[in-house]
Amino acid sequence: MENPNLRLLALTDGVIAITITLLILELRLPEGFGAFSDAELWGALLGLWPRILAYLISFAVIGIYWINHHAKFAHIVKSDRGLLLINLIFLLFVGIVPFTTTLIAENPDSVGTAVYAGGMIACGLALAWLWSYAGRAGLIDPGFEKSGRTRLLVSTLVSSAIFAVSVPLSFAHPDAAKLFWILILPANIALRTIGMIIWKLRHPGEPMPGRPSRD
């Protein structure tokens, strides 16, 4: 039987792929670089570091949300109109990431940093809402354990929480707020590691489940 979520996943993957493409398009060589000396070119390229940093941060966070989205849909076995609508809301916020990335690259101070963080918070909360709705609506594989459901929810909320803390921090020290975002990567790795440890303790000798079969 065909996976009822294939079209939803295809749409989501397509929107995220386009978003990442738009991000890289914002990285442009300095105007007139062909006439620069080597020293001038190095200086101009170093001047692009805010755009490069914004690109790397956005790419990493979108990648984490994409991985979390697929991890959730590995266990969502049914679909309904509510799930489709919430997924569209998630994509709505993903779609504004190129705008907020350009904003923070050109305006890296407090307001730009706070607006960028707000957009990322919205992405994470929409994804957490999707997972919570799927659980309440009975769309998740009933064989998927409660501990696993909780881990997938927490892994999404922790990213939003880190961005949320950075909003007030951005008005005191924008650069410190940006550095605070780096915690998203080790936090997600730690949650994955903890999940694996819990699984091995409860299921000795069994591999941690990946995508369940669709018979």
What do you get for the angle between helix 184-202 and the principal long axis of the chain? Use alpha-carbon atoms, 0 to 90 degrees, nearest ten. 20
Solvent-accessible area per residue for the stretch 25-115 at a 1.4 Å probe radius, Å²? 54
Taking the chain as the reference, fit the longest principal axis to its C-alpha atoms, fit the long axis of helix 146-172 to the helix C-alpha atoms, and give the angle between the two in degrees, 0 to 90, nearest 10. 20
Which FRET efficiency value, to the nearest 0.05, do you get for D175 and F59 by plugging their Cβ-Cβ distance into 1/(1 + (r/R0)^6) with R0 = 22 Å? 0.65
Working out 0.36 nm times the residue gap between W129 and I194, then minus their Cα-Cα distance, what length gain in nm do you get to one decimal? 21.1 nm
On a 0 to 90° scale, report how tilted helix 97-106 is relative to the longest principal axis of the chain, with both axes built from alpha carbons and the result rounded to the nearest 10. 30
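Say R0 is 41 Å: what FRET efficiency, to the nearest 0.05, do I89 and E40 get from their beta-carbon distance? Intermediate results must be reported in sequence, preceding the final value.
Numbers: r = 46 Å, r/R0 = 1.13.
Using R0 = 41 Å, I get an efficiency of 0.35.
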Which percent of the accessible area of the chain is formed by carbon and sulfur heavy atoms (probe 1.4 angstrom)? 71
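The values are calculated or read from the model by the stated rules, or taken from the named source; none is laboratory data. Please read these numbers as outputs of a predicted model, since none were measured by experiment. Here the Cβ is made from the backbone with ideal geometry for all residues, glycine too, and neighbour counts use every protein chain on show. Heavy atoms of the whole protein, side chains included, go into the accessibility calculation; ligands, DNA and RNA do not. Shrake-Rupley method; radii C 1.70, N 1.55, O 1.52, S 1.80 Å.
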